[in-house]
Amino acid sequence: MSEKEIECWWDQASEYYQKEINDRFPKTVHYGPFGSDERHLKLLGDVNGKKVLELGCGGGQCAIALAKEGAICTGLDISKKQLDFARNLAEKNRVKVSFLKGSFSDLTSIKKCYYDIVLSVFSLQYAENLDSVLTQVNRILRRGGLFVFSIDHPFYIMISPDTLKVESSYYKNGKNIELERWPDGSRHKSITYIRKVSDILNSILRSGLTLEAVLEPLDLNDKIWGTGYRRKLIRKIGPTIIFKCSKK
Ligand SMILES: C[S@@+](CC[C@H](N)C(=O)[O-])C[C@H]1O[C@@H](n2cnc3c(N)ncnc32)[C@H](O)[C@@H]1O
(Lines give C-alpha, C1' and ligand atoms only; values in the text may rest on other atoms or scores of the structure.)
Protein backbone atom coordinates (compact mmCIF):
# COMPACT_ATOMS: atom_id res chain seq x y z
CA MET A 1 0.00 0.00 0.00
CA SER A 2 2.78 2.46 0.88
CA GLU A 3 4.36 2.01 -2.54
CA LYS A 4 1.05 2.93 -4.19
CA GLU A 5 0.83 6.02 -1.96
CA ILE A 6 4.39 7.03 -2.90
CA GLU A 7 3.52 6.57 -6.57
CA CYS A 8 0.42 8.82 -6.19
CA TRP A 9 2.45 11.41 -4.27
CA TRP A 10 4.97 11.61 -7.13
CA ASP A 11 2.26 11.70 -9.80
CA GLN A 12 0.79 14.71 -7.98
CA ALA A 13 4.14 16.36 -7.17
CA SER A 14 5.83 15.87 -10.54
CA GLU A 15 4.64 19.04 -12.27
CA TYR A 16 5.65 21.32 -9.39
CA TYR A 17 8.94 19.44 -8.79
CA GLN A 18 10.01 19.63 -12.43
CA LYS A 19 9.10 23.35 -12.59
CA GLU A 20 11.42 23.85 -9.62
CA ILE A 21 14.43 21.86 -10.79
CA ASN A 22 14.50 21.21 -14.52
CA ASP A 23 15.71 24.57 -15.85
CA ARG A 24 18.48 24.72 -13.27
CA PHE A 25 19.67 21.12 -13.71
CA PRO A 26 23.30 20.91 -14.89
CA LYS A 27 24.11 18.90 -18.01
CA THR A 28 25.63 16.11 -15.94
CA VAL A 29 24.59 13.69 -13.18
CA HIS A 30 23.72 15.68 -10.08
CA TYR A 31 23.86 13.81 -6.77
CA GLY A 32 21.25 15.69 -4.75
CA PRO A 33 20.72 18.93 -2.82
CA PHE A 34 24.07 20.69 -2.33
CA GLY A 35 25.62 17.29 -3.15
CA SER A 36 27.77 18.25 -6.14
CA ASP A 37 27.85 16.51 -9.50
CA GLU A 38 29.64 14.02 -11.69
CA ARG A 39 31.88 16.64 -13.29
CA HIS A 40 33.41 17.27 -9.88
CA LEU A 41 33.13 13.88 -8.18
CA LYS A 42 33.90 11.56 -11.12
CA LEU A 43 32.34 8.49 -9.53
CA LEU A 44 31.11 6.75 -12.67
CA GLY A 45 34.16 6.97 -14.94
CA ASP A 46 33.86 6.84 -18.72
CA VAL A 47 30.29 5.77 -19.51
CA ASN A 48 30.65 5.62 -23.28
CA GLY A 49 29.19 2.33 -24.55
CA LYS A 50 28.27 1.20 -21.02
CA LYS A 51 24.87 -0.20 -20.08
CA VAL A 52 23.47 2.02 -17.34
CA LEU A 53 20.30 1.68 -15.27
CA GLU A 54 18.98 4.59 -13.22
CA LEU A 55 16.63 3.58 -10.41
CA GLY A 56 14.04 6.27 -9.57
CA CYS A 57 15.07 8.33 -12.60
CA GLY A 58 12.37 10.97 -12.09
CA GLY A 59 12.41 13.54 -14.91
CA GLY A 60 15.31 11.73 -16.56
CA GLN A 61 17.90 14.52 -16.34
CA CYS A 62 20.72 12.24 -15.12
CA ALA A 63 19.95 9.41 -17.57
CA ILE A 64 19.79 11.91 -20.44
CA ALA A 65 23.15 13.45 -19.46
CA LEU A 66 24.71 9.96 -19.44
CA ALA A 67 23.12 9.02 -22.77
CA LYS A 68 24.66 12.17 -24.26
CA GLU A 69 28.03 10.82 -23.16
CA GLY A 70 27.40 7.60 -25.05
CA ALA A 71 25.85 5.39 -22.34
CA ILE A 72 23.11 2.94 -23.26
CA CYS A 73 20.70 4.14 -20.67
CA THR A 74 17.52 2.84 -19.06
CA GLY A 75 15.56 4.88 -16.53
CA LEU A 76 13.14 3.15 -14.16
CA ASP A 77 10.54 5.02 -12.14
CA ILE A 78 7.28 4.24 -10.41
CA SER A 79 5.57 7.50 -11.38
CA LYS A 80 3.88 7.79 -14.78
CA LYS A 81 3.97 11.60 -14.58
CA GLN A 82 7.70 11.67 -13.92
CA LEU A 83 8.25 9.27 -16.84
CA ASP A 84 6.05 11.36 -19.18
CA PHE A 85 8.26 14.34 -18.35
CA ALA A 86 11.43 12.27 -18.86
CA ARG A 87 10.34 10.93 -22.27
CA ASN A 88 9.51 14.45 -23.42
CA LEU A 89 12.84 15.79 -22.20
CA ALA A 90 14.79 13.02 -23.96
CA GLU A 91 12.95 13.82 -27.19
CA LYS A 92 13.76 17.54 -26.83
CA ASN A 93 17.40 16.61 -26.25
CA ARG A 94 17.35 14.19 -29.20
CA VAL A 95 18.79 11.31 -27.20
CA LYS A 96 17.60 7.75 -26.83
CA VAL A 97 16.86 6.57 -23.30
CA SER A 98 14.58 3.69 -22.53
CA PHE A 99 12.19 4.81 -19.78
CA LEU A 100 10.32 2.04 -17.97
CA LYS A 101 7.53 2.15 -15.41
CA GLY A 102 8.23 -0.12 -12.47
CA SER A 103 9.50 -0.35 -8.94
CA PHE A 104 13.05 -0.88 -7.74
CA SER A 105 11.54 -3.30 -5.23
CA ASP A 106 11.19 -5.85 -8.04
CA LEU A 107 14.05 -6.12 -10.53
CA THR A 108 13.46 -9.81 -11.27
CA SER A 109 12.67 -9.21 -14.97
CA ILE A 110 16.23 -7.92 -15.54
CA LYS A 111 18.85 -10.43 -16.66
CA LYS A 112 21.62 -11.42 -14.24
CA CYS A 113 24.94 -9.51 -14.69
CA TYR A 114 23.38 -7.27 -17.36
CA TYR A 115 24.36 -3.72 -16.35
CA ASP A 116 27.80 -2.08 -16.13
CA ILE A 117 26.52 0.71 -13.92
CA VAL A 118 23.46 1.19 -11.71
CA LEU A 119 22.77 4.70 -10.41
CA SER A 120 20.17 6.08 -8.04
CA VAL A 121 19.89 9.73 -7.04
CA PHE A 122 17.70 10.61 -4.06
CA SER A 123 15.27 7.74 -4.57
CA LEU A 124 16.19 4.93 -2.21
CA GLN A 125 14.72 6.77 0.78
CA TYR A 126 11.46 5.44 -0.74
CA ALA A 127 12.62 1.81 -0.50
CA GLU A 128 10.86 -0.08 2.29
CA ASN A 129 13.33 -2.98 2.07
CA LEU A 130 16.81 -1.64 1.26
CA ASP A 131 18.43 -5.08 1.74
CA SER A 132 16.26 -6.50 -1.02
CA VAL A 133 16.94 -3.62 -3.47
CA LEU A 134 20.72 -3.81 -2.95
CA THR A 135 20.79 -7.61 -3.25
CA GLN A 136 18.87 -7.34 -6.52
CA VAL A 137 21.27 -4.64 -7.77
CA ASN A 138 24.15 -7.01 -7.02
CA ARG A 139 22.42 -9.69 -9.13
CA ILE A 140 21.91 -7.47 -12.21
CA LEU A 141 25.42 -5.91 -12.15
CA ARG A 142 28.22 -7.54 -14.11
CA ARG A 143 31.49 -8.32 -12.30
CA GLY A 144 33.50 -5.11 -12.01
CA GLY A 145 30.28 -3.09 -12.33
CA LEU A 146 29.45 -0.03 -10.22
CA PHE A 147 26.51 0.97 -8.11
CA VAL A 148 26.39 4.60 -6.97
CA PHE A 149 23.47 5.91 -4.92
CA SER A 150 22.71 9.06 -2.98
CA ILE A 151 20.06 9.72 -0.33
CA ASP A 152 19.17 12.24 2.38
CA HIS A 153 21.98 12.45 4.90
CA PRO A 154 20.60 10.72 8.05
CA PHE A 155 22.13 13.45 10.28
CA TYR A 156 20.68 16.31 8.22
CA ILE A 157 17.08 15.14 8.56
CA MET A 158 17.31 15.14 12.37
CA ILE A 159 17.84 18.90 12.52
CA SER A 160 15.03 21.44 12.35
CA PRO A 161 15.67 24.14 9.73
CA ASP A 162 13.78 26.59 11.97
CA THR A 163 15.56 26.07 15.30
CA LEU A 164 18.81 24.52 13.95
CA LYS A 165 18.49 22.05 16.81
CA VAL A 166 18.35 18.26 16.77
CA GLU A 167 14.60 17.73 16.94
CA SER A 168 14.22 14.03 16.18
CA SER A 169 15.98 10.97 17.47
CA TYR A 170 18.69 9.31 15.38
CA TYR A 171 17.22 6.02 16.61
CA LYS A 172 13.74 6.75 15.22
CA ASN A 173 14.05 4.45 12.24
CA GLY A 174 11.71 3.03 9.64
CA LYS A 175 8.62 4.40 7.98
CA ASN A 176 8.27 8.16 8.31
CA ILE A 177 4.98 9.84 7.50
CA GLU A 178 4.76 13.61 7.22
CA LEU A 179 1.85 15.83 6.32
CA GLU A 180 3.17 18.44 3.88
CA ARG A 181 1.49 21.68 2.95
CA TRP A 182 2.06 22.54 -0.71
CA PRO A 183 2.26 26.09 -2.16
CA ASP A 184 -1.40 25.86 -3.30
CA GLY A 185 -2.44 25.17 0.33
CA SER A 186 -3.29 21.49 -0.21
CA ARG A 187 -2.01 18.88 2.24
CA HIS A 188 -0.28 15.66 1.21
CA LYS A 189 0.97 12.62 3.09
CA SER A 190 4.64 12.02 2.30
CA ILE A 191 6.20 8.61 3.07
CA THR A 192 9.92 7.89 3.30
CA TYR A 193 12.04 5.35 5.19
CA ILE A 194 14.61 6.65 7.65
CA ARG A 195 17.83 4.72 8.31
CA LYS A 196 20.92 5.21 10.40
CA VAL A 197 24.27 5.33 8.60
CA SER A 198 25.09 1.91 10.08
CA ASP A 199 21.81 0.46 8.69
CA ILE A 200 22.79 1.58 5.18
CA LEU A 201 26.36 0.29 5.50
CA ASN A 202 25.14 -3.06 6.86
CA SER A 203 22.65 -3.36 3.99
CA ILE A 204 25.52 -2.89 1.55
CA LEU A 205 27.56 -5.57 3.37
CA ARG A 206 24.65 -8.03 3.39
CA SER A 207 23.98 -7.49 -0.35
CA GLY A 208 27.40 -8.83 -1.30
CA LEU A 209 28.42 -5.53 -2.92
CA THR A 210 31.77 -3.99 -2.00
CA LEU A 211 31.80 -0.50 -0.54
CA GLU A 212 34.32 1.68 -2.40
CA ALA A 213 33.63 5.11 -0.91
CA VAL A 214 31.24 7.18 1.19
CA LEU A 215 31.02 10.86 0.25
CA GLU A 216 29.50 13.80 2.11
CA PRO A 217 29.97 16.60 -0.41
CA LEU A 218 28.92 20.18 0.20
CA ASP A 219 28.49 22.43 -2.80
CA LEU A 220 27.25 25.76 -1.49
CA ASN A 221 26.86 27.06 -5.06
CA ASP A 222 24.10 24.56 -5.83
CA LYS A 223 21.37 26.44 -7.71
CA ILE A 224 18.98 23.52 -8.33
CA TRP A 225 17.31 22.89 -5.02
CA GLY A 226 18.57 26.12 -3.50
CA THR A 227 15.20 27.71 -2.84
CA GLY A 228 13.79 25.07 -0.48
CA TYR A 229 16.84 24.79 1.77
CA ARG A 230 18.08 27.04 4.57
CA ARG A 231 21.71 28.10 4.12
CA LYS A 232 22.19 28.48 7.87
CA LEU A 233 21.56 24.75 8.25
CA ILE A 234 23.37 23.64 5.09
CA ARG A 235 26.56 25.30 6.31
CA LYS A 236 26.43 23.06 9.39
CA ILE A 237 25.52 19.82 7.61
CA GLY A 238 24.90 19.04 3.95
CA PRO A 239 21.68 17.21 2.95
CA THR A 240 23.33 14.60 0.70
CA ILE A 241 25.30 11.41 1.34
CA ILE A 242 26.63 9.22 -1.48
CA PHE A 243 27.68 5.56 -1.46
CA LYS A 244 29.85 4.12 -4.19
CA CYS A 245 29.86 0.31 -4.42
CA SER A 246 31.25 -2.24 -6.83
CA LYS A 247 30.68 -5.88 -7.64
CA LYS A 248 33.89 -7.84 -7.30
C1 LIG B 1 13.42 12.87 -5.34
S2 LIG B 1 12.95 12.09 -6.86
C3 LIG B 1 14.51 11.92 -7.62
C4 LIG B 1 14.38 11.81 -9.10
C5 LIG B 1 15.69 11.92 -9.87
N6 LIG B 1 16.59 10.86 -9.51
C7 LIG B 1 16.30 13.28 -9.65
O8 LIG B 1 17.45 13.34 -9.22
O9 LIG B 1 15.64 14.30 -9.94
C10 LIG B 1 12.55 10.45 -6.34
C11 LIG B 1 12.03 9.56 -7.48
O12 LIG B 1 11.92 8.21 -7.00
C13 LIG B 1 10.79 7.65 -7.61
N14 LIG B 1 10.39 6.45 -6.83
C15 LIG B 1 9.87 6.40 -5.57
N16 LIG B 1 9.64 5.13 -5.22
C17 LIG B 1 10.03 4.35 -6.26
C18 LIG B 1 10.04 2.94 -6.49
N19 LIG B 1 9.59 2.07 -5.57
N20 LIG B 1 10.52 2.49 -7.68
C21 LIG B 1 10.96 3.35 -8.63
N22 LIG B 1 10.97 4.71 -8.47
C23 LIG B 1 10.51 5.19 -7.30
C24 LIG B 1 9.77 8.77 -7.61
O25 LIG B 1 8.72 8.53 -8.50
C26 LIG B 1 10.63 9.96 -7.98
O27 LIG B 1 10.66 10.16 -9.37
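The values are calculated or read from the model by the stated rules, or taken from the named source; none is laboratory data. Fair warning: this is a prediction, and the values are worked out from it, not measured in the lab. A quick note on method: Cβ atoms are made from the backbone with ideal geometry, for glycine too, and the neighbour counts reach across all protein chains shown.
Quick notes
- Residues of segment 111-127 satisfying the condition of being within 11 Å of the ligand (Cβ to nearest atom) and among the β-branched types (Val, Ile, Thr): 121
- Considering 230, 187, the condition of being modelled with pLDDT under 95 and touching a Pro at 6+ places or on another chain (Cβ under 6 Å) is satisfied by 230 alone.
Rundown of residues vs (1) away from the ligand (no atom under 13 Å from the Cβ); (2) surrounded by fewer than 20 Cβ atoms within 10 Å (Cβ to Cβ); (3) more than 20 Å from residue 17 (Cα to Cα); (4) among the small types (Gly, Ala, Ser), yes/no style:
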position: 109; (1), (2), (3), (4): yes, yes, yes, yes
position: 129; (1), (2), (3), (4): no, yes, yes, no
position: 154; (1), (2), (3), (4): yes, yes, yes, no
position: 168; (1), (2), (3), (4): yes, yes, yes, yes
position: 190; (1), (2), (3), (4): no, yes, no, yes
position: 215; (1), (2), (3), (4): yes, yes, yes, no
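- Residue count for segment 57-81, restricted to those that are in a strand (DSSP E or B), crowded, with 21+ Cβ neighbours inside 10 Å and more than 9 Å from the ligand (Cβ to nearest atom): 2.
- No other residue among 48, 22 is assigned to a helix (DSSP H, G or I) and farther than 16 Å from residue 99 by Cα apart from 22.
- Of all residues in segment 31-56, those being near the ligand (Cβ under 10 Å from one of its atoms) and either among the charged types (D, E, K, R) or touching a Lys or Arg at 6+ places or on another chain (Cβ under 9 Å) (or both) number 1.
- Listed here are the strands (runs of 3 or more DSSP E) enclosed by segment 88-198 that have at least 2 residues being small (Gly, Ala, Ser): 141-152.
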